[in-house]
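Enquirer: My questions all concern the structure below.
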Amino acid sequence: MTRPTVDLRPTTQPPMPRARPIASFFTRPQVIALAAVLLVNWLLFPGFFTITWQDGRFFGSLIDVLNRGAPVAILAIGMTMVIATKGVDLSVGAVMAISGATAATLVTSGVPAPVAVFAALGTGLLCGLWNGILVTVLEIQPIIATLVLMVAGRGLAQLITEGYIVTFSDPLLIFIGTGSFLGFPMPVVIAALLMILATLIVRRTALGLLIEAVGVNRSAARFAGLSAGALLLIVYTFAGFCAAISGLIVAGDIRGADANNAGLWLELDAILAVVIGGTSLMGGRFSIPMAVLGAMIIQAMNTGILISGFSPEFNLVVKSAVIIVILVLQSPISARLFRRLPGAQK
Amino acid sequence: MTVEQPVLEARGIVKVFGQHRALDKVDFAANAGEVHALLGENGAGKSTLIKILTGAYQPDGGDLLLDGQPIHLRDPLHGQTYGIGTVYQEVNLLPNRSVSENLFLGRQPSRFGLVDRKRIDAQARDLLTRYGLDIDVRADLSEYSVAVQQIVAIARAVELSGKVLVLDEPTASLDRNEVQRLFDVVRGLKAKGLAIIFITHFLDQVFELADRVTILRNGKKVATQALDTLNTTDVVRMMLGKDVAFEHHPSALSGATKGAVRVEFQQIGRKGMAPFDLAVHEGEVVGVAGLLGSGRTEVARLMFGVDTSDGGQVRVDGQPVTIRNPAQAVAAGFGFCPEDRKIDGIFGDLSVRENIIIALQAKLGWFRALNRDDQIELAGRYAEALDIRAADHDMPVKLLSGGNQQKVILARWLAIDPTFLILDEPTRGIDVGAHAEIVRTINRLREEGLALFVISSELDEVVAYSNRIVVMRDREMVAELDGDTIAPDAIVRAIAGTAPGKPQEARP
């Protein structure tokens, strides 16, 4: 079948753009926002960028931002994939409490610490699986399905701790929350490893593409022969797993499991981090590193307000202002405006 | 029959959507005291014409005349003030309010600024008695059957407007008795001198109720005729295409060159769809002819496991396979280009390249990822073969034209190297150039030995590429034509049910 139309087209395809040039990374709204927040922090507190080496580890405000931001960053890694499928997981805060409670209670009752850690991670997986089953098998809307565990999960955690704040002095659990590796705090190391691992897994296998396909158009995914159900199960289970890790870190940090307050409202910060990172709540395209960056923006703002001496209530107002700016920068309207600027086109 | 002046008349109506001419100089006239049926397949322009007549759309050309005076309708509400009322298939009233409230919503009789409940209930009862309904008007509308709701909707529309009544598929969800009840109401209104425009795809109802019929096809008016001069076969012929231009080349398509059986369906069916047997051979196109609602798409969905069959068996190359969901169908080497591209086919935000490789990737599984180079190569190869025009393959597929999107879905299935391809209306809503290319592609795939099952409303198209044609009517395969028996007359008669096609018995 030769047709004259072939001549009308370029004989070779235009070269595919390879990986994004570094320059375009620095012009992303999230990166600019993080830089701006850090700059403001530096203006408020000139010692902000100072990092010192002490007792075999780094110290400084920047390290503190990374360390404090790690639990939300870890939640955001799981949340990104859930949101990419057009879902949401409201239960991750409660799962953090369950995981912390499990580890603390087991350790104080004499179970070896590694077993307690695996048990905590296991409960996280189970919680995630539960959410996944509600969403896929019972076809409950994600926001409602995970609301169940968001509410019930705190109760479960209290049942596990029998209503007490269970404190422990187990070195392994404390190390997870406060230890260091190569000079970096353990939470930062864990978050970074998880980010790299998760990104590699979704991008080196076909999981990432298939998840995006399900998020963009679930019906078309079914017609193309994708097993959307299995993918959703995996994604929610992974979100539960991430929440369990965060729960361990938070518990280790305060050397105790507080069923009422561990991870409280953090699901909202995690969702925010994902959205700031540019993953649409309508599902589809996602980026795990950008979501982690989003978590860091949130934490940088928290830290900035703290060190500047403003009252913490101020935090919420500033946070919402920054979020509005970022969302406006990401909106289609501003994209159109930018395109009209001379020299800004691709 | 002809009245000197129509109540509502449309002259030379043109409506263009993007590059698609939905209506091309269509004339239409509804007279007082007649039921005028409007017929056409999906995409013929029925609903566009209705929306223009009721004011929901503004025409890009042509005039609307009411009692001979030109009018310009801003919106359906404006249309109502001129006396043009509409009742849609899904009753768009408020199910959780009472019948009387529904009848008088927006114009409740009031006393001292308060709604006078007693008076509206009394008026509602009066009104409905005239329609032969004696029901408790204070009860919620949702407590009554769809038929009653339909009559309430008609009563409301007639009360509000009272000159022209448009009924858009009013009988689609009614049973036989309810249809009769509705028809009695319509006949009563006709006797009162209303002009009634009736849209449906049930031909028998058209013949039962309507006086005249206007048939649209591809945005053009085919004919307006009194129904007592027509029979079903004439109507079907006009709906599906003039006197089909016969491009059927027997040399290439005769039964003699048939290959081995690739796919065999035995007793596949489910509730509302009579079980069917069908074998498709290597290098064979089985075309499906039938009107909208005849079960064409249902057959395709059953074959691909989108709906599960209640029983029966599927064999691929003689081996039994289980197909209870699309993933199993893809694993068996089936591909399916669905009728509604946007909803069931395209991943709008994903790139052209990803849209092409997605089915193959789903088939390979999660861990055998196609790397970027493989993807670029595959997408390039099939885009070249199907002449997909995209600036680059990294752009979102939603930016492509309808024809190119269709080719992307076709490319997606070719990439899995299928044994059996199901195409549901592959040429619907795409421009003429892409249309011809898709038809050429179907022919080419057949020559390359693929087994295909193609559904189309375009009779001349089906005839042009099919070795065999199955005819569907009332959710049943009623006839099978091949070789020399593929003649447009035979197909039209089989669809209309006026003559048995070949082996299977046709319902009277």
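None of the figures in this text is laboratory data; all of them are computed from the coordinates on show. A quick note: this is a predicted structure, and the numbers were derived from the prediction, not measured. Please note: Cβ atoms are built from the backbone with ideal geometry, for glycine as well, and neighbour counts cover all protein chains shown.
Enquirer: Using the alpha-carbon atoms, what tilt in degrees (0 to 90, nearest 10) does helix A:186-204 show relative to the longest principal axis of chain A?
Expert: For helix A:186-204, the angle is close to 30 degrees.
Enquirer: To continue, here is another question. Along the charge dipole of region A:60-328, pointing to its positive end and built from +1/-1 on Cβ of Lys, Arg, Asp and Glu, which listed residue (A:I298, A:I249, A:S61) has its Cα farthest out?
Expert: Checked the options; the winner is A:I298.
Enquirer: With the contact rule set at Cα under 8 Å and sequence spacing of 6 or more, what percent relative contact order holds for chain B? All intermediate terms of the calculation are to be shown ahead of the outcome.
Expert: Working: 1021 pairs, mean separation 76.0, N = 508.
That works out to 15 percent.
Enquirer: Can you tell me the relative contact order of region A:115-191? Whole percent, Cα pairs under 8 Å, sequence separation 6 or more.
Expert: Numbers: 23 pairs, mean separation 11.9, N = 77.
Worked out over region A:115-191, it gives 15 percent.
Enquirer: Report, in whole Å, the centroid distance computed from the Cα atoms of region A:164-183 and region B:302-343.
Expert: Value for the Cα centre distance between the two parts: 54 Å.
Enquirer: May I pose another question? Starting from the 7 Å offset along Cα-to-Cβ, what nm value, one decimal, do you get for the label separation of B:K342 and A:I165?
Expert: Taking the simple label geometry, B:K342 and A:I165 are separated by 5.6 nm.
Enquirer: Does the protein assembly as shown classify as rounded, prolate or oblate by the C-alpha gyration tensor (a ≥ b ≥ c root eigenvalues; a/c under 1.5 gives rounded; else a/b over b/c gives prolate, otherwise oblate)?
Expert: Numbers: a/c = 2.14, a/b = 1.60, b/c = 1.34.
Prolate is the answer for the protein assembly as shown, as a/c is 1.5 or above and a/b outweighs b/c.
Enquirer: When the Debye formula is applied to the Cα atoms of chain B, each taken as the same point scatterer, what base-10 log of I(q)/I(0) results at q = 0.10 Å⁻¹?
Expert: One equal scatterer on each Cα of chain B leads to -0.88.
Enquirer: Helix A:228-254 versus the longest principal axis of chain A: what is the Cα-based angle in degrees, 0 to 90, to the nearest 10?
Expert: The angle comes out near 40 degrees.
Enquirer: How many nm separate the modelled label positions at B:Q267 and A:W53, each set 7 Å beyond the Cα in the direction of the Cβ?
Expert: 8.0 nm
Enquirer: Under a point spin-label approximation (7 Å from Cα along Cα-to-Cβ), what is the A:S334-B:V115 distance to one decimal in nm?
Expert: Between A:S334 and B:V115, the simple spin-label model gives 4.6 nm.
Enquirer: Size of chain A along its principal axes in angstrom, Cα-based, largest extent first?
Expert: 80, 54, 36
Enquirer: Can I ask one more? Would you be so kind as to identify which of B:T129, B:Q150, A:V148 lies farthest towards the positive end of the dipole of the protein assembly as shown, taking Lys and Arg as +1 and Asp and Glu as -1 on Cβ and the Cα centre as origin?
Expert: A:V148
Enquirer: If you rank B:W366, B:W413 by fewest surrounding Cβ atoms within 10 Å, what's the result? Could the numbers behind the result be given before it?
Expert: Working: B:W366 20, B:W413 27.
With the fewest neighbours first, B:W366, B:W413 line up as B:W366, B:W413.
Enquirer: When only C-alpha pairs under 8 Å and at least 6 residues apart count, what is the relative contact order of chain A, in percent?
Expert: Values: 573 pairs, mean separation 105.1, N = 346.
It comes to 30 percent, rounded to a whole number.
Enquirer: At 0.36 nm per residue, and after removing the present C-alpha to C-alpha distance, how many nm does the segment from B:A391 to B:D60 gain when stretched out fully?
Expert: Values: separation 331, 0.36 × 331 = 119.16 nm, distance 3.13 nm.
That pair, B:A391 and B:D60, stretches by 116.0 nm at full extension.
Enquirer: If the only charges are +1 at each Lys and Arg Cβ and -1 at each Asp and Glu Cβ, what is the size of the charge dipole of region A:128-229 around the Cα centre, to the nearest 20 debye?
Expert: Working: 5 positive and 4 negative charges, 73 e Å.
That gives region A:128-229 a dipole magnitude of about 360 debye.
Enquirer: Tell me, what is the FRET efficiency for B:R440 and B:Y88 to the nearest 0.05, using R0 = 45 angstrom and their Cβ-Cβ distance as r?
Expert: Numbers: r = 39 Å, r/R0 = 0.88.
Calculated transfer efficiency: 0.70.
Enquirer: On average, how many beta carbons from a partner chain sit within 10 Å of the beta carbon of a residue in B:325-331?
Expert: Values: counts 4, 7, 8, 2, 2, 4, 1.
Partner-chain Cβ atoms within 10 Å, mean over residues of B:325-331: 4.
Enquirer: Please list, by residue number, every one of the chymotrypsin sites (Phe, Trp or Tyr not before Pro) in region A:266-324 that is coil in DSSP and has at most 16 other beta-carbon atoms within 10 Å. Walk me through the numbers on the way to the answer.
Expert: Details: sites: A:F286, A:F310, A:F314; in loops: A:F286, A:F310.
Answer by residue number: A:F310.
Enquirer: Please average, across the residues of B:332-342, the number of beta carbons from any other chain that are within 10 Å of each residue's own beta carbon, and give a whole number.
Expert: On the way: counts 0, 0, 1, 3, 3, 1, 3, 0, 3, 1, 3.
Across B:332-342, the average partner-chain Cβ count within 10 Å equals 2.
Enquirer: Another question, then. Along the charge dipole of the protein assembly as shown, which of B:A411, B:V330, B:V299 sits closest to the positive end, that is, farthest toward it, with unit charges on the beta carbon of Lys, Arg, Asp and Glu (+1, +1, -1, -1)?
Expert: B:A411
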